[in-house]
Amino acid sequence: YATFSHCWGENPQFIRLTTENIAQFSEEISFQDLPRNFQDAVTLCKRMQIRYLWIDSLCIIQSGEGSIQDWNFHVNEMRRIYLNSLLTIAASRAKDAEQGMFTERDPNTIM
């Protein structure tokens, strides 16, 4: 599996795991419902033939009953989660989840 590090942004409105949608998310999460950063990370994992992707906001219950306990559990597991992943994808260029990981660059500016 891969792990994903990203900036939530100032006013995050993207899809997150809650007690209300956990059953649905356990079955399927629509690619189209994901913010661009998440879509880019999924695409990268597919290209690298990595089957699983751990994204905090989709793997830790963010609100609802049990969310505090789930957060406390994952805080203690975070080191292990990232340490044992095949790689960590860092969407460091994007200031929020909607910007996307990739950008066009002018190859003439690269020395």
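The values are calculated or read from the model by the stated rules, or taken from the named source; none is laboratory data. What you see is a predicted model; the values in this text were computed from it and never measured. Ideal geometry is used to build each Cβ from the backbone, glycine not excepted, and the neighbour counts take in all protein chains shown. Note: accessible area is taken over every heavy atom of the protein model, side chains too, but ligands, DNA and RNA are not part of it. Shrake-Rupley method; radii C 1.70, N 1.55, O 1.52, S 1.80 Å.
Cα atoms only: what Rg and Dmax, in Å, come out for segment 1-64?
According to the Cα coordinates of segment 1-64, Rg and Dmax are 11.8, 35 Å.
5 Å is the cut-off here: which amide hydrogens, built 1.01 Å from N in the peptide plane, fall below it relative to Thr18, excluding neighbours closer than 5 in sequence?
Correct list: Gln62.
Sorted by average packing, counted as other Cβ atoms within 10 angstrom per residue and highest first, what order do 6-18, 50-62, 97-109 take?
Highest mean packing first, the order is 50-62, 6-18, 97-109.
Excluding ligands, DNA and RNA, what is the solvent-accessible area per residue of the chain at a probe of 1.4 Å, expressed in Å²?
71
Quick one: which residues, 5 or more positions from Ile89 or on another chain, have an amide H under 5 Å from its amide H? H modelled 1.01 Å from N in the peptide plane, none for Pro or chain starts.
For Ile89, the qualifying residues are Thr3, Phe4, Ser5.
Taking the Cβ of Phe14 as the center, what net charge do the other residues with Cβ under 14 Å away carry, scoring Lys and Arg +1 and Asp and Glu -1?
-3
Could you state the principal axis extents of the C-alpha atoms in the chain, from the largest down, to the nearest angstrom?
53, 29, 26
Percent of accessible area on the chain owned by carbon and sulfur, 1.4 Å probe?
Within the chain, the accessible surface is 49 percent carbon and sulfur.
Considering Cα pairs under 8 angstrom that are at least six residues apart, work out the relative contact order of the chain and quote it in whole percent.
49
Please give the helix 67-83 orientation as an angle from the longest Cα principal axis of the chain, in degrees from 0 to 90, rounded to the nearest 10.
40
Run the helix sum for the chain: -39,500 (n - 2.57) per DSSP H stretch of 4+ residues, divided by residue count, reported at 222 nm to the nearest 500 deg cm²/dmol.
That calculation yields -10000 deg cm²/dmol at 222 nm.
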